Amino acid sequence: MTDVSRLQRTISTERKRIETKRASLRAAYESKPLTTRLLHGHAALIDTVLARLWKACRIPANAALVAVGGFGRGELFPHSDVDLLILLPAAADAELENRLSALVGALWDVGLVIGHSVRTIDECLELAQTNITIQTNLLESRLLTGDAALFQQFWMRYQARIDVREFFRTKLLERDQRYARYNDTPYTLEPNCKESPGGLRDLQLLGWIARAAGLGRNWRELARQRLITATEASDLRNGERFLQHVRIRLHFLTNRAEDRLLFDYQERLAQAMGIKATAARRASEIMMQRYYLTAKKLTQVNSILIQNYGGEIFSEREFPAIIINEHFQAVRELLDIRDEAVFEQHPGALLDCFLLLQQRSELKGMTTRTLRALWVNRTRVNAAFRADPAHRAKFLEIIQQKHGVLHAFRQMNQCGILSRYLPPWRKILCQMQYDLFHAYTVDQHTLMVLRNIRRFTMGKHAHEHPFMTGLMLGLERHWLLYVAVLFHDIAKGRKGDHSILGMKEAREFCEQHGLKTEDTEFIAWLVRHHLTMSHTAQKEDTTDPQTIQKFAAIVGDERHLTALYLLTHADIRGTSPKVWNGWKGRLLQDLFLATQRLLRGATPQQALRQDERISEARRLLRCNGLRSGAEDVLWQQLDMIYFMRYSSDEIAWHAQMLHFQVESGKPVVKARVLDDSGGIQVMVYTPDQKKLFMRLTGFFCQMGLTILDARVYTTRHGHALDSFTLQNPDNDGEEYYRNILSLIEDELTLALQNPEKIARPSPVRPSRQVRHFPVTPRVELVADEAGRHHILSITAADRPGLLFDIAEVLATYNINVETAKITTLGERVEDSFLLTGEGLTQESRVVKIERELLERLQL
């Protein structure tokens, strides 16, 4: 038998062995889920296969096959890569290269997904010096087969050259970069169980540092070294086991190396893990809350252990304790308790920890024994503790500090103090939000909003939102706004309106803490109306004086208006990095400024700056070189409704683009990039034609553009003058938009010259988020207060072509769209349209339109 046929027979045998044994391991795991048995059993199986293939390929005896990375630990998840190092005494000659090539091919042929390198000892050490990933992989080297002496030589030289201090520093920097990729939080709705903060990679990091420094090889050894307590070692092992179960189940469910807890898998994963739904909560929600609580616990123990590692690795540096007061001292710039029993004897000191960190800038955190004592004594924050006037005053003092407010509340949340002091907070702790636009759990969203509000007070962040910073500086007692932030979503997930329920919770807190009646009502009002400004700006016609008057009546005065604007801005930006855009910012700012002018004594028309807009537009036209009066040809065909709907910049742009073509019978299409690169604005001027709005929406959909705002206007001489604000969520950026301006202008002009041809969007499948968390479509068509128009409100799951479908139904019934407010919240849309048309006063016709729209909105 030739070497080739012998190798092929070995490959066939080992492939069957892998298939049979993997099936057996999976069956054993399904019968009795034991992570160690599966992971070690899988690694042992692959060890055996590798050794036999190594032998079958007749690799020389002076070479060695080494397992590295996770495989080097003797653990292998169902679909993880097999990381290998082929260690050679010297560079391979031609014959050896052929044998190694045959080995690598055989490994793939048996069904393994491998990551391999072929190196000498010198090459390994040289690369390890400059590449932290390679250095880390080699740290877990394990000899599989081959020359043991060669491997021992490599291992001794590797250990001799590792710089533990530099390794420690570099791994922490690498960790920080990884955290940044995952938004520095474990609490995203689709976390990565391996890479996200609080995931398996954090536990591996602890193991790498311990191994490099010779501190221990497992949690038990670290506990014996007194780097962690026995309880913390148990927490680490339990958390690790839970995450291992999650990752194993994910691999089995997807039949690939999938580590993301996507919505597609969460419900099936929960069921596979034996988690049952309750009357109020689905199984996936229970599982994800368990995941977040596990990540929270692991993050807490991780910070303790990293700090203790640092103490061991840099142990020769002695830092004398600096006495702060009778209960606390500073050690290595960390807050330390002077007595292990301080919280037991003086429970109020539980809050002093956070207050001292705020007041003393030299303190960078807490010592491990302080963190442990906080966690152990958190249950002392009970009803009696909360009722103590001194403790209530201290909690308010923490909120009122100039520095460190966000950090204090994040730490209180992490240590379990916040949920003990504010009982309603427990109900939102690690609670998911299935609304398709919040990217974080409720508690983390709240802290993100607090972060945004706090940044408005800081000079170093003034460049991000200078207008908001200026408003914040003019607002007295910022801390009242912080209290409103804490309570604005505290009733999420309960039955009823969370704004009203949250208002009641906020009022109770304020009364218990002795706030003035005026301040109590101010905070309660903010919580009650924290969605009002967003709703008005994004769903109502803010160019209508009545809309501004109604909103001004709600806010009442400029202080309430400013505070609500700041809260709304921070709230929207705190939902998800993808939800906020410049267009929403402009909507809010326009509403704020118009309402501010009205509250300062302007008439509704003055508040909307109609006369000022015209004057400013004329000034802009003169600055752009247009002769005086050139705009009048167009403006004579416009009424005041036009000048109410558009800004002075837009009015001037329209006039400049159209001053030679007002009477033209040909379509005119012009596009420009918005100043903040939040998209593009397209102006369409053409003799009015049937189904124009439908045709325009179809064209933009085919271009892959999302409509954020649409304003439709018909001139006195029968021309449509329509404006669209557009965005491409997948290709954002000024350069992209500049590149498509000419394409839009040319192609849309051609399309409008052929009115018989309609660009109908191709049908698409709904996104995976919508498939798992469907949005029930809602349609409401009612007359406005004046009775001149009808308002169509639509809520539905977002998808390409949705707006076209709506426009097609309206066109079928000869209904005209005057304005469209398109609000996209993640995968959910909440659109509103101002309509005119015959038959809208007939109830039967309205019901028919609503029914047909609902049918088209169904996915």
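The values are calculated or read from the model by the stated rules, or taken from the named source; none is laboratory data. This is a predicted model, so every value here is computed, not measured. All Cβ positions, even for glycine, are placed from backbone atoms using ideal geometry, and neighbour counts span all protein chains on display. Keep in mind that these areas ignore ligands, DNA and RNA; they rest on the heavy atoms of the full protein, side chains included. Shrake-Rupley method; radii C 1.70, N 1.55, O 1.52, S 1.80 Å.
Once you reduce segment 826-859 and segment 565-585 to the center of their Cα atoms, the two points are 28 Å from each other. Once you reduce segment 152-175 and segment 478-557 to the center of their Cα atoms, the two points are 54 Å from each other.
Hey, how much of the P(r) for segment 597-749 falls beyond 27 Å, as a percent of Cα pairs? Provide the component values of the computation, followed by the final result.
On the way: 3019 of 11628 pairs.
Summing the P(r) tail past 27 Å for segment 597-749 gives 26 percent.
Annotation for ASN131 and SER615: the two label points, set 7 Å from Cα along the Cα-Cβ direction, are 6.8 nm apart. Between the amide H of SER576 and those of ALA439, distances stay under 5 Å, these residues lying 5 or more places away or on another chain, with hydrogens modeled in the peptide plane.
Over the C-alpha atoms of segment 326-421, the Rg to Rh ratio, Rh being the Kirkwood estimate, stands at 0.92. If a/c stays under 1.5 just call it rounded; otherwise compare a/b with b/c (prolate if a/b is bigger, oblate if not). Do that for segment 507-639, with a ≥ b ≥ c from the square roots of the Cα gyration tensor eigenvalues. Here segment 507-639 falls in the prolate category.
Ranked by the mean number of other Cβ atoms within 10 Å per residue, highest first, peptides 527-536, 423-432 order as 527-536, 423-432. Shape of segment 79-205 from the C-alpha gyration tensor: oblate (a/c of 1.5 or more and a/b not above b/c, with a ≥ b ≥ c the square roots of its eigenvalues).
Quick one: which of 277-284, 41-48, 537-544 comes out on top by average Cβ neighbours within 10 Å, and what's the full order, highest first?
Details: 277-284: 13.5, 41-48: 19.2, 537-544: 21.6.
The most tightly packed comes first, giving 537-544, 41-48, 277-284.
Using the empirical formula 2.2 N^0.38 Å as the baseline, the Cα radius of gyration of segment 328-486 reaches a ratio of 1.10.
Do you know the relative contact order of the chain, to the nearest whole percent, from alpha carbon pairs under 8 angstrom that are 6+ apart? Spell out each step's value before the answer.
Values: 1213 pairs, mean separation 55.5, N = 859.
Worked out over the chain, it gives 6 percent.
Solvent-accessible surface of the chain, averaged per residue with a 1.4 angstrom probe and all protein chains in place: 44 square angstrom.
Distance check, please: which entries in LYS276/LYS495; LYS194/LYS297; LYS666/LYS821; LYS171/LYS296; LYS32/LYS297; LYS296/LYS427 exceed 24 angstrom between their Cα atoms? Pairs exceeding the cut-off: LYS666/LYS821; LYS32/LYS297. Across segment 235-287, the mean sequence separation of Cα contacts (distance under 8 Å, 6 or more residues apart), normalised by length, yields a relative contact order of 25 percent. Among TRP219, HIS391, HIS560, whose Cα sits farthest toward the positive end of the charge dipole of the chain (+1 at Cβ of Lys/Arg, -1 at Cβ of Asp/Glu, about the Cα centre)? Value computed over the given set: TRP219.
Under a 5 Å amide H cut-off, with hydrogens placed 1.01 Å from N, MET366 pairs with LEU335 among residues at least 5 apart or on other chains.
With no solvent and one point per C-alpha, what does the Debye sum give as log10 I(q)/I(0) for segment 716-761 at q = 0.16, 0.25, 0.30 Å⁻¹? Log-scaled intensity ratios, in q order: -0.64, -1.11, -1.18.
Rolling a 1.4 Å probe over the protein heavy atoms leaves ILE453 with an accessible area of roughly 0 Å². Applying a DSSP loop filter and a limit of 15 other Cβ atoms within 10 Å to the GluC sites (Glu not before Pro) in segment 792-859 leaves GLU838.
Given the C-alpha atoms of segment 120-193, compute the convex hull and give its volume per residue in Å³. List each step's numbers first, then the result.
Numbers: hull volume 8.1 nm³, N = 74.
So the per-residue Cα hull volume is 110 Å³.
Between segment 253-315 and segment 369-439, the C-alpha centres lie 22 angstrom from each other.
Could you check the simple spin-label distance between ASP184 and ARG256, using points 7 Å along Cα→Cβ, in nm with one decimal? The two pseudo-label positions are separated by 3.3 nm.
Rounded to a whole number, what is D in µm²/s for segment 29-129 from Stokes-Einstein with the Kirkwood radius over alpha-carbon pairs (10 °C, 1.306 mPa s)? Walk me through the numbers before you get to the answer.
Numbers: Rh = 14.6 Å.
Approximately 109 µm²/s, per Stokes-Einstein.
Taking loop as defined by DSSP and a crowding limit of 10 other beta carbons within 10 Å, which trypsin sites (Lys or Arg not before Pro) in segment 640-730 fit? Let's see the in-between values first.
On the way: sites: ARG645, LYS670, ARG672, LYS690, LYS691, ARG695, ARG711, ARG716; in loops: LYS690, LYS691, ARG716.
Passing both the DSSP loop test and the Cβ count: LYS690, ARG716.
Apply 1/(1 + (r/R0)^6) to the Cβ-Cβ distance of TYR813 and ILE322, taking R0 = 60 Å, and write down the FRET efficiency to the nearest 0.05. Efficiency for this residue pair is about 0.15. Rg/Rh, computed from the Cα trace of segment 226-374 with Rh as the Kirkwood radius, has the value 1.12.
Below 13 Å, Cα to Cα, which aspartates and glutamates can LYS670 reach? Residues fewer than 8 away in the same chain don't count. Those aspartates and glutamates meeting the cut-off are GLU650, ASP722, GLU745, ASP746, GLU747. The relative contact order of segment 366-436 comes to 34 percent, based on Cα pairs under 8 Å that sit 6 or more residues apart. The apolar share of the surface of the chain, taken as the fraction of accessible area on carbon and sulfur atoms (1.4 Å probe, ligands and nucleic acids excluded), comes to 49 percent. What shape does segment 139-231 take by its C-alpha gyration tensor, where a ≥ b ≥ c are the square roots of the eigenvalues and a/c under 1.5 counts as rounded, a/b above b/c as prolate, and the rest as oblate? In terms of gyration-tensor shape, prolate.
Charge dipole (Cα centre; +1 on Lys/Arg Cβ, -1 on Asp/Glu Cβ; no other charges) of segment 4-103 amounts to roughly 560 debye.
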